[in-house]
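Engineer: Before we start, here is the structure in question, set down as structure tokens.
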Amino acid sequence: IHWSPLFVSGHDELDNDHQQLVERANQLLRSVRTNGDKTTITQYLNEIGLDMRRHFAREELVIAELTPSGLQKHRAEHTAMLARLAFLTDRFLNDTLPLEALVQFVAFEMCAHHIAGSDRRMLSGFQRSQTDRAIDSASL
């Protein structure tokens, strides 16, 4: 997964988190491509889960300041994603889920759908407020 402007929210700290999550996803994908063992893949999944939790907590604080009306819905998305990751990881560990389903979750649901979609929409107010502040300070 290549870092793209589509992932950028305009909030440096959150964008750094997003870059870390994309890198974790790439570590997992490289391990899968090189026939990584189950222990290594599980380690990457656990690291992704920890990074997601840290990021979600930080992101929810930012959203609470920017668009408090959207916080509850976005927090529910975070909760559902963490539950889905735990469910998929458990199934993978019990050999009842193909690895491809985890790859799909990480690549599409976490990176493409959530970071590039849901997060960008939620944080678009931050981008506008940054632009407004830049315009205001330029006119002084």
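The values are calculated or read from the model by the stated rules, or taken from the named source; none is laboratory data. Note that the structure is predicted; figures quoted are calculated from it, not measured. Here the Cβ is made from the backbone with ideal geometry for all residues, glycine too, and neighbour counts use every protein chain on show. Areas reflect the complete protein model, heavy atoms only, side chains present, ligands, DNA and RNA absent. Shrake-Rupley method; radii C 1.70, N 1.55, O 1.52, S 1.80 Å.
Engineer: For region 6-119, what % of the accessible area comes from carbon and sulfur atoms, probe 1.4 Å? Could you put the intermediate results ahead of the total?
Structural biologist: Working: 3170 of 5900 Å².
Its accessible area is 54 percent carbon and sulfur atoms.
Engineer: Grab the DSSP H runs of the chain that are 4 residues or longer, score each as -39,500 (n - 2.57), total them, divide by all residues and round the 222 nm result to the nearest 500 deg cm²/dmol.
Structural biologist: Values: 5 runs with 98 residues, N = 140.
That calculation yields -24000 deg cm²/dmol at 222 nm.
Engineer: Order Arg121, Arg53 by their accessible area, 1.4 angstrom probe, all chains in place, largest first.
Structural biologist: So the residues, ranked largest to smallest area, are Arg121, Arg53.
Engineer: Hey, another quick one. What do you get for the angle between helix 124-138 and the principal long axis of the chain? Use alpha-carbon atoms, 0 to 90 degrees, nearest ten.
Structural biologist: Computed tilt is about 40 degrees.
Engineer: Using the heavy atoms of the protein chains and a 1.4 angstrom probe, tell me the accessible area per residue for the chain in square angstrom. The partial results should precede the final answer.
Structural biologist: Details: 7970 Å² over 140 residues.
Value for the chain: 57 Å² per residue.
Engineer: Okay, moving on. So which chymotrypsin sites (Phe, Trp or Tyr not before Pro) in region 1-51 end up in coil per DSSP with only 16 or fewer other C-beta atoms within 10 Å?
Structural biologist: On the way: sites: Trp3, Phe7, Tyr44; in loops: Trp3.
Answer in residue order: Trp3.
Engineer: Right, something else. Suppose every Lys and Arg Cβ carries +1 and every Asp and Glu Cβ carries -1, with no other charges. What dipole size does the chain come out with about its Cα centre, to the nearest 20 debye? Working shown, then result.
Structural biologist: Working: 15 positive and 19 negative charges, 49 e Å.
Using Cβ point charges on Lys, Arg, Asp and Glu, the chain gives about 240 debye.
Engineer: Same structure again: Quickly rank 24-32, 81-89 as a protection proxy: mean count of other C-beta atoms within 10 Å, highest first. Please report the intermediate quantities before stating the final value.
Structural biologist: Working: 24-32: 17.8, 81-89: 15.4.
The peptides rank, most packed first, as 24-32, 81-89.
Engineer: Would you work out the relative contact order for the chain, in percent, from Cα pairs under 8 angstrom that are 6 or more residues apart?
Structural biologist: Values: 92 pairs, mean separation 49.3, N = 140.
Averaging sequence separation for qualifying contacts and normalising by length gives 35 percent for the chain.
Engineer: Highest GNM mean-square fluctuation, the chain, Cα pairs closer than 10 Å: which of Glu65, Glu109, Glu47?
Structural biologist: Comparing Glu65, Glu109, Glu47 in the GNM, the peak value goes to Glu65.
Engineer: Next question. From zero outward in steps of 5 Å, how is the percent of C-alpha pairs of the chain spread across the bins?
Structural biologist: Bins of 5 Å from zero give 2, 10, 19, 21, 17, 12, 8, 5, 3, 2, 1, 0, 0 percent of pairs.
Engineer: Also, I was wondering about something else. Assigning unit charges at the beta carbon (Lys, Arg +1; Asp, Glu -1) and nothing else, what dipole magnitude in debye, to the nearest 20, does region 69-125 show about its Cα centre?
Structural biologist: Numbers: 6 positive and 6 negative charges, 65 e Å.
Computed charge dipole of region 69-125: roughly 320 debye.
Engineer: Considering only the other residues whose Cβ falls under 13 Å of the Cβ of Cys111, what net charge follows from Lys and Arg at +1 and Asp and Glu at -1? Could the numbers behind the result be given before it?
Structural biologist: Details: positive: Arg24, Arg120; negative: Asp17, Glu23, Asp51, Glu109, Asp119.
Every neighbour counted, the sum reads -3.
Engineer: Any idea of Arg120's accessible area? Nearest 10 Å², probe 1.4 Å.
Structural biologist: Counting only protein heavy atoms, Arg120 exposes about 80 Å² to solvent.
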